[in-house]
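Nothing in this text is a laboratory measurement; each read-out follows from the coordinates by a stated rule. Just so we're clear, the structure is a prediction, and the values are computed from it rather than from any experiment. All Cβ positions, glycine included, derive from the backbone under ideal geometry; neighbour counts span all protein chains shown.
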Amino acid sequence: MTGGNAAIWYAPDGYDPGTKGINGRRVAGESFLRGLFAHSTAPEFVCLTHGVTDENHFRDFAARVGVTRPLRGVRLDAPEGLAPVDVISYPGPNYAEECWRRAPFGAAAWAICGITHTTATKAVMQSMFDLRAAPQMPWDAVICTSAAVRVSLVAQMDLSDDFLARRFGGKAPPRPLLPVLPLGVHCDDFAPDPEAGQALRRRLGIAEGDIACAIIARLVPHEKFDPLPLYLALAEAQRQAGRRFHLLLCGQFRDDYGRKVFAEGARALMPEVGCHMLDGADAAERKATLSGAEMFLFPIDNVQETFGLAPVEAMAAGLPLIVSDWDGMKDTVTPEVGIRIPTEVPHADLTTYLGHRLYGGTDSYVQYLSQLSALTRVHVGRMVQALVALAGDPGLRRRMGQAGQARARQLYDWKAVIPQYQALWAEQAAMVAAARAGKTPPAPMNAALLPPAPSPGVFFTAYPSRTGPTQGLRYRATARAAGMPGVTEMLALRDYQKLRRQIESPQRAQALFDRIAAGGPRGARLEDAAPAARVPLRAAQRLALWLLKYDYIEESG
């Protein structure tokens with residue numbers, strides 16, 4: 001099944017690494033959107049946003065990459081405008097809130113499709129429990145970017161469902177679809193540039209016959225990888241191979257602490273190995289790094305990683321790989337394209353306390369990751385063997401690089417991945433259509449009675465003396481109103497716009513007040529004044545409360 005479409009739940013934070021900062025989910029989000037624009041067969045592109053600012057950001061993105069197909073924006077507070085699109089693509093796994101947002105329109109109003117990036121944060125782990133307690137439906141999905149991540153989500157859903165069944169009885173509702181679909185890359189972006197590679201080698205003093213090992217990653221020892229075991233392996237591999245190694249660390253440091261760990265560790269543990277720190281924010285420097293290296297290393301020891309996009313990019317560049325046997329690399333790096341280094345973590349009972357400390361707030365996310373990393377082994381001896389093997393066999397490097405390029409283009413180019421997304425969206429849309437056509441389609445929930453987001457009029461009902469305004473009541477202008485600032489002047493004086501929110505437009509407020517004042521001492525009912533002022537009744541009811549608050553009007557009976 002192909003040809004499905006989804007509205008993109010769009011906020012720049014998920015798709016704009018250039019402005020918001022480089023991290024895995026933003027780089028992946030930007031790449032996905034480029035891939036969707038280039039390879040989707042949908043007749044239009046739809047974004048779902050909080051407002052016009054984010055919609056314009058989406059439109060600007062589309063214009064920069066040359067989109068000519070129709071674009072349509074839908075507001076999150078008016079999602080009925082999604083039709084005929086029946087799926088929302090959400091840029092993370094934690095979309096319980098979106099399930100509740102859908103509930104007033106009926107659980108079969110549309111399907112939701114999330115995707116895993118980092119799943120180790122307290123917020124994401126909590127959200128996976130919340131998702132099972134939310135009105136999530138079987139036509140919803142969480143794309144798992146690796147088989148390992150799917151296993152972890154299934155384990156947590158098992159725990160959640162078992163707990164909810166014990167606490168409340170009954171059977172857990174159907175789970176979301178959990179397809180394993182990879183992240184993609186634009187393979188052409190990573191075609192090697194031999195001249196740039198040679199220029200980099202000359203600049204760094206990498207001699208002919210030296211072995212340059214590239215890493216492109218955030219250089220954060222507690223959130224990406226601990227470099228010190230790698231340094232030990234490189235020093236020993238250089239001794240055994242009898243030729244000089246160079247490590248090209250192309251990335252960004254988050255802080256001076258990370259820079260110190262990487263730099264001082266290199267000086268202490270591999271003083272004879274060349275260590276070059278390059279600016280990963282510079283696209284030309286990244287291209288030169290991949291073009292000038294003999295191999296690519298990715299010794300990840302951190303649970304914040306779920307897929308590992310950089311090794312796929314290196315495959316597209318034609319480099320052989322040495323990676324840890326970890327999460328997504330188990331799927332992407334086969335023996336034909338690289339070598340996976342065994343990893344080991346403690347038994348569950350040895351790390352339970354770390355999970356509790358994170359959840360309870362004793363440890364921060366960074367502390368949690370750092371402590372888990374400290375207990376995660378990437379086999380140094382096997383890393384030495386892999387480095388020596390690839391350094392001494394140019395033919396093996398060439399064969400692996402060629403196989404990697406072919407694998408990347410066949411399986412991980414967005415041209416191959418986007419049709420899989422569209423097939424999933426089409427499957428979800430078909431399930432939604434079947435649910436709507438069923439004998440008992442899911443009924444809409446009362447929008448005022450959503451458990452995690454009750455109407456303030458329900459939640460705070462015991463606070464005031466009464467609630468209003470009362471239907472059928474008449475209102476008149478107060479005697480004081482003539483000497484007060486006008487309605488629009490009072491709104492400007494109060495300056496709600498400073499908080500970028502206004503209860504209603506000044507024009508509507510003035511128009512409603514004028515219609516009420518025109519009623520004289522007897523006043524007017526809101527049911528009559530609202531249409532005369534061309535103000536929707538619900539808006540008029542809210543405005544009446546504001547006019548009462550500022551003593552512009554009063555009840556006349």
Open item on the list: Students often get this wrong, so try it: which of (1) 101, 54, 49; (2) 70, 61, 54; (3) 122, 49, 45 is Cα extents along the principal axes in Å as calculated from the structure shown?
Closed with: (1)
TODO: Divide by every residue of the chain the summed helix terms, -39500 (n - 2.57) for each DSSP H run of at least 4, and state the resulting mean residue ellipticity at 222 nm, rounded to the nearest 500 deg cm²/dmol.
DONE: -14000 deg cm²/dmol
- [ ] May I ask for the net charge around residue 158, where only other residues with Cβ less than 11 Å from the Cβ of residue 158 are counted and Lys, Arg are +1 while Asp, Glu are -1?
- [x] 0
Open item on the list: Quick check for you: which residues of the stretch 204-226 have the amide N under 19 Å from the point 7 Å beyond the Cα of residue 389 toward its beta carbon?
Closed with: 211-214
TODO: Over the stretch 468-555, calculate the relative contact order: mean separation of alpha carbon pairs under 8 Å at least 6 apart, over the residue count, as a percent.
DONE: 46
TODO: Please report, in cubic angstrom per residue, the volume enclosed by the convex hull of the alpha-carbon atoms of the stretch 468-555.
DONE: 83
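Any chance you could run the full-extension gain for residue 494 through residue 436? It's 0.36 nm times the residue separation minus the Cα-Cα distance, nm to one decimal.
Value of the extension gain: 16.2 nm.
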Task: Segment residue 97-residue 189, extension gain: residue separation times 0.36 nm, minus the distance between their alpha carbons - done: 29.5 nm
Open item on the list: Quick check: the distance between the Cα centres of the stretch 1-60 and the stretch 158-218, to the nearest angstrom?
Closed with: 19
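Return 9, 100 ranked ascending by Cβ neighbour count within 10 Å, so the fewest neighbours appear first.
The fewest-first ordering by Cβ neighbours comes to 100, 9.
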Task: Cβ-based exposure ranking for 97, 223, in which fewest neighbours within 10 Å come first - done: 97, 223
Open item on the list: Could you compute the longest span of the chain free of trypsin sites (Lys or Arg not before Pro) located in DSSP loops and having at most 14 other Cβ atoms within 10 Å, not counting the site residues?
Closed with: 244-438
Open item on the list: Quick check: the angle from helix 380-391's long axis to the longest principal axis of the chain, C-alpha only, nearest 10 degrees?
Closed with: 70
Task: the chain: Lys pairs at Cα distance under 30 angstrom, eight or more positions apart or on different chains - done: 20
Open item on the list: Whole-Hz ³J(HN,Hα) for each residue in the stretch 140-150, computed from phi via Karplus 6.51 cos²θ - 1.76 cosθ + 1.60 with θ = phi - 60°, x for glycine and proline: what do you get?
Closed with: 7, 8, 10, 5, 9, 7, 8, 5, 5, 5, 4
Open item on the list: Please compute the contact order of the chain in relative form: average sequence separation of alpha-carbon pairs under 8 Å and at least six residues apart, divided by the residue count, as a percent.
Closed with: 15
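Which net charge results when you count Lys and Arg as +1 and Asp and Glu as -1 among the other residues whose beta-carbon is under 11 Å from that of residue 556? List each step's numbers first, then the result.
Values: positive: 474, 476, 522, 525; negative: 554, 555.
My count for the surroundings of residue 556 gives +2.
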- [ ] Pop a pseudo-label 7 angstrom from the Cα along the beta-carbon direction at both residue 124 and residue 518 and give the gap in nm to one decimal.
- [x] 5.8
Open item on the list: Quick check: residue separation of residue 470 and residue 501 times 0.36 nm, minus the Cα distance between them. What number comes out in nm?
Closed with: 8.6 nm
- [ ] Would you order 463, 365 from fewest to most other beta-carbon atoms within 10 Å of each residue's own beta-carbon?
- [x] 463, 365
- [ ] Set the Förster distance to 30 Å, then compute FRET efficiency between residue 399 and residue 13 from the Cβ-Cβ distance, nearest 0.05.
- [x] 0.15
